[in-house]
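Trainee: The structure under discussion is supplied below as structure tokens; questions concerning it will follow.
The values are calculated or read from the model by the stated rules, or taken from the named source; none is laboratory data. Keep in mind the model is a prediction, meaning the values are calculated, not measured. No Cβ is skipped: glycine too gets one built from the backbone with ideal geometry, and neighbour counts run over all protein chains shown.
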Amino acid sequence: MKKTYLALSAVCVLFTSACQQNNSNSESAQKTITSTEPPNVIVILADDLGYGDLGVYGATKVKTPNIDKLAQQGRMFTDAHSVSAVCSPSRYAFLTGEYPYKAHIKTQNHNGAWGPISPVSKMIIKPEQQTLADVFKQKGYKTAAIGKWHLGFKSEKNDWSMPLTPGPRDLGFDYYYGIPLVNSGPPYVHVENEMVVGHDPDDPLIYLGHPGSPLYDKYKPTETRTFPPEASNKVANRFAGGKKAHALFDDEQLGVQYTHKALQWIESNKHQPFFLYFATTQIHHPFTPAPRFKGTSEIGLYGDFIHELDWMVGEIVEYLEKNNLADNTLIVFASDNGGMLNLGARNAYQAGHKINGDLLGFKFGAWEGGHRIPMITYWPNKIKPGQVSNQLVSLMDMYSSFAHLTGQTELIPSDSDSINALPALLGTSDEPVREELLIAPRQPKNLAVRDGKWVYIPAQGSGGFSGSKPHHHAWGGPAAVNFIGGKNSDMANGKLLPDAPAEQLYDLVKDPYQTTNIAGKHPEIVAQMKQKLNELYQPEQN
């Protein structure tokens with residue numbers, strides 16, 4: 001399997017041309033599921049898992065037998081993308097089928113979601129919006145989201161008064177349990193449905209803002225667990241109060257706890273069709289695997305966290321098999337964006353592990369390493385084993401694909417950005433399903449566009465992190481490329497060249513690792529890509 005992938009990655013990671021989705025492909029995919037009862041669907045969305053972090057994607061310093069088995073018995077993708085290189089925007093696209101620049105929020109004078117949302121952000125999906133969970137719920141499915149949310153709560157600024165509504169249950173989920181933001185940032189509590197777990201009306205959470213704000217003179221942040229530097233950054237708590245809720249939060253037990261919650265929920269709903277969105281905190285920093293996984297990899301805590309993620313996947317699959325649910329359950333495994341070059345990842349690199357393989361760039365950036373993700377589909381007796389696909393697909397395409405899967409195409413808005421990728425997901429066709437895609441980094445000026453084999457970035461650099469010093473948490477740009485021994489014609493010795501072009505163009509068939517910017521050699525292609533970008537990105541309509 002690994003040899004097959006490596007050969008593909010060198011010569012056909014991407015396709016040279018694409019076409020509009022084929023109606024016959026949709027029909028053939030539909031025929032594979034209409035003769036049986038509605039399939040259960042589980043989407044396992046890992047956090048910051050890089051393109052090179054799994055055995056089947058070339059990793060040798062970590063062991064991922066359970067995830068590898070999904071690929072060996074299912075279908076793995078070499079050209080899947082998260083639409084955004086940042087967590088909150090990519091999750092917005094996944095649940096709504098819309099580009100994240102259309103999200104219900106405005107930051108840094110730009111409409112839409114471009115970065116991770118703050119602890120006091122309102123929910124960036126409007127309750128009246130149709131979501132992926134709504135698609136399943138309207139078909140009679142039971143629905144749940146367990147794990148990381150990071151899409152906000154309430155219709156205006158979240159003051160953390162109870163109940164936290166609107167929230168996940170206003171977007172089609174029957175049940176929610178998980179971490180409200182991210183494991184590296186406060187508040188360090190669990191939320192169940194609309195309530196903070198352990199909420200005490202006499203000791204409520206109080207958001208203090210940043211250090212130095214007036215509230216810091218009045219209140220003291222509640223103490224939360226800290227970890228050594230090699231675990232990578234964990235932001236100090238910025239909430240006072242909520243002592244009971246904080247005490248129930250154990251960073252090293254999140255993987256075990258959320259896996260058990262997922263299995264309990266499946267057990268309670270296994271007699272009817274169900275949709276589970278299982279959003280893990282693995283492998284986002286801080287790297288806090290349960291004690292049983294520490295020291296099990298060759299690359300430190302980064303690899304140990306991957307091992308815990310693999311165990312979590314194995315627990316889900318084992319339960320399905322033991323309860324005769326596997327044959328009627330489609331599993332989609334993916335990551336919300338590319339890997340991040342924090343201290344844990346830098347230590348992993350020095351131990352011989354390439355978190356994004358040989359792709360250029362990292363999380364937050366427009367280069368391929370920021371948004372090309374590992375993605376695997378698995379459905380025994382429906383998806384033929386051992387398949388490798390180089391079809392262009394995205395997390396955003398799950399909305400339309402699952403509407404087709406459940407026979408509800410009328411739920412797809414006429415202006416949806418999602419396309420039906422079901423023929424690719426199920427392997428009923430190897431024909432291209434998508435020909436173009438917007439790719440959002442952290443900085444809007446670097447918003448990129450993909451069209452067939454071409455990718456165009458209308459600015460210098462990646463538009464992501466820019467750290468370069470040993471004490472910096474988030475490395476990116478030329479310094480990060482230099483650190484891993486990468487090559488790009490616009491930079492040398494960890495710095496952008498003074499005469500580097502103002503924009504970037506790459507042929508991803510001839511140059512999948514983006515070593516050579518050819519914008520200056522193909523002005524006609526640059527002009528076409530600029531036009532395509534303007535056609536797809538229309539913020540004035542937001």
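Trainee: For the stretch 170-196, which positions are within 21 Å of ILE105 (Cβ to Cβ) and outside any strand (DSSP E or B)? Let's see the steps before the verdict.
Mentor: Here is the first cut: in the stretch 170-196, the residues within 21 Å of ILE105 (Cβ to Cβ) are 170-173, 176, 178-182, 184-187, 191, 194.
Once the filter is applied, which keeps residues that are within 21 Å of ILE105 (Cβ to Cβ) and outside any strand (DSSP E or B), the stretch 170-196 yields ASP170, LEU171, GLY172, PHE173, PRO180, LEU181, VAL182, SER184, GLY185, PRO186, PRO187, GLU194.
Trainee: Can you report the number of residues in the stretch 492-505 which are outside any loop (DSSP other than H, G, I, E, B) and under 19 Å from GLY476 (Cα atoms)? First the steps, then the outcome.
Mentor: First, the residues of the stretch 492-505 that are outside any loop (DSSP other than H, G, I, E, B): 492, 495-496, 504-505.
The next check asks that each one be under 19 Å from GLY476 (Cα atoms); those that pass are 492, 495-496, 504.
Qualifying residue count, the stretch 492-505: 4.
Trainee: Within the stretch 150-169, is even one residue part of a loop (DSSP other than H, G, I, E, B), farther than 29 Å from ALA236 by Cα and out of contact with any Gly (no Cβ under 9 Å at 6 or more places or on another chain)? Reasoning before the result, please.
Mentor: Restricting attention to the stretch 150-169, the residues satisfying the condition of being part of a loop (DSSP other than H, G, I, E, B) are 150-167.
Subsequent filtering for residues that are farther than 29 Å from ALA236 by Cα retains none.
No, because not a single residue in the stretch 150-169 is part of a loop (DSSP other than H, G, I, E, B), farther than 29 Å from ALA236 by Cα and out of contact with any Gly (no Cβ under 9 Å at 6 or more places or on another chain).
Trainee: Continuing with the same structure: Could you list, in sequence order, all residues of the stretch 65-78 that are surrounded by fewer than 24 Cβ atoms within 10 Å (Cβ to Cβ) and either under 26 Å from GLY464 (Cβ atoms) or at pLDDT below 95 (or both)?
Mentor: THR78
Trainee: Follow-up. Yes or no: the stretch 348-357 includes at least one residue that is among the aliphatic types (A, V, I, L, M), within 20 Å of the chain's Cα centre (by Cα), crowded, with 24+ Cβ neighbours inside 10 Å and assigned to a loop (DSSP other than H, G, I, E, B).
Mentor: Start the filter on the stretch 348-357 by keeping residues that are among the aliphatic types (A, V, I, L, M), which leaves 348, 351, 355.
So of that shortlist, the ones also within 20 Å of the chain's Cα centre (by Cα) come out as 355.
Keeping just the survivors that are crowded, with 24+ Cβ neighbours inside 10 Å gives 355.
After this cut, where a residue has to be assigned to a loop (DSSP other than H, G, I, E, B) as well, the list is 355.
Yes, that holds for at least one residue.
For every residue, the table says whether it meets (1) in contact with a Lys or Arg (Cβ under 6 Å, 6 or more places away or on another chain); (2) buried (at least 22 other Cβ atoms within 10 Å of the Cβ); (3) at pLDDT 95 or above; (4) over 29 Å from VAL526 (Cα atoms).
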residue: ALA403; (1), (2), (3), (4): no, yes, yes, yes
residue: ALA421; (1), (2), (3), (4): no, yes, yes, no
residue: LEU425; (1), (2), (3), (4): no, yes, yes, yes
residue: VAL433; (1), (2), (3), (4): no, yes, yes, no
residue: VAL449; (1), (2), (3), (4): yes, yes, yes, no
residue: LYS453; (1), (2), (3), (4): no, no, yes, no
residue: ALA459; (1), (2), (3), (4): yes, no, yes, no
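Trainee: Out of the residues in the stretch 516-541 that are surrounded by 14 or more Cβ atoms within 10 Å (Cβ to Cβ) and among the polar types (S, T, N, Q), which is farthest from the chain's Cα centre (by Cα)? Break it down into steps so the answer makes sense when it comes.
Mentor: As a first pass, look at the stretch 516-541 and keep what is surrounded by 14 or more Cβ atoms within 10 Å (Cβ to Cβ): 516-519, 522, 525-526, 528-530, 532-533, 536-537.
Still in the list and also among the polar types (S, T, N, Q): 516-517, 528.
Details: THR516: 27, ASN517: 27, GLN528: 29 Å.
Checking each candidate, the answer is GLN528.
Trainee: Which of the residues spanning the stretch 311-343 are surrounded by fewer than 22 Cβ atoms within 10 Å (Cβ to Cβ), in contact with a helix residue (DSSP H, G or I) (Cβ under 7 Å, 6 or more places away or on another chain) and acidic (Asp, Glu)?
Mentor: Result: GLU315, single match.
Trainee: Looking at the stretch 53-89 only, could you name the residues that are over 30 Å from TYR537 (Cα atoms) and not in a helix (DSSP H, G or I)?
Mentor: Filtering the stretch 53-89 down to residues over 30 Å from TYR537 (Cα atoms) leaves 53-75.
Result: ASP53, LEU54, GLY58, ALA59, THR60, LYS61, VAL62, LYS63, THR64, GLN73, GLY74, ARG75.
Here is a yes/no grid of residues against (1) charged (D, E, K, R); (2) under 23 Å from the mean Cα position of the chain (by Cα):
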position: ALA247; (1), (2): no, no
position: ASP251; (1), (2): yes, yes
position: ALA279; (1), (2): no, yes
position: GLN282; (1), (2): no, yes
position: ASP304; (1), (2): yes, yes
position: HIS307; (1), (2): no, yes
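Trainee: Related question: Tell me the residue from ALA334, ALA366 that is touching a strand residue (DSSP E or B) at 6+ places or on another chain (Cβ under 6 Å), assigned to a loop (DSSP other than H, G, I, E, B) and either closer than 23 Å to VAL182 by Cα or without any contact (Cβ under 8 Å) to a residue 24 or more places away in the chain (or both), please. Full working, then the answer.
Mentor: Working: ALA334 fails: assigned to a loop (DSSP other than H, G, I, E, B).
The unique qualifying residue is ALA366.
Here's the yes/no breakdown for (1) in contact with a Leu (Cβ under 8 Å, 6 or more places away or on another chain); (2) more than 21 Å from ASP336 (Cβ to Cβ); (3) in contact (Cβ under 8 Å) with a residue 24 or more places away in the chain; (4) part of a loop (DSSP other than H, G, I, E, B):
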| site | (1), (2), (3), (4) |
| --- | --- |
| SER268 | no, yes, no, no |
| HIS271 | no, yes, no, yes |
| PHE278 | yes, no, yes, no |
| ILE283 | yes, no, yes, yes |
| ARG292 | no, yes, no, no |
| GLY303 | no, no, yes, no |
| ILE306 | yes, no, yes, no |
| LEU309 | yes, no, yes, no |
| MET312 | no, no, yes, no |
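Trainee: Same structure again: Among the residues of the stretch 359-386 satisfying the criterion of being modelled with pLDDT of 95 or more and surrounded by fewer than 19 Cβ atoms within 10 Å (Cβ to Cβ), which is nearest to PRO38 (Cα to Cα)? Can you show your working first?
Mentor: Taking the stretch 359-386 and keeping what is modelled with pLDDT of 95 or more, we get 359-380, 382-386.
Checking which are surrounded by fewer than 19 Cβ atoms within 10 Å (Cβ to Cβ) leaves us with 380, 384-386.
Numbers: PRO380: 15, LYS384: 19, PRO385: 21, GLY386: 24 Å.
Among those residues, the one meeting the criterion is PRO380.
Trainee: How many of the residues making up the stretch 222-235 are within 28 Å of TYR302 (Cβ to Cβ) and without any contact (Cβ under 8 Å) to a residue 40 or more places away in the chain? Outline the logic, then answer.
Mentor: Of the stretch 222-235, the ones within 28 Å of TYR302 (Cβ to Cβ) are 223-235.
Then keep just the ones that are without any contact (Cβ under 8 Å) to a residue 40 or more places away in the chain; that gives 223-226, 228.
Going through the stretch 222-235 one residue at a time, the tally reaches 5.
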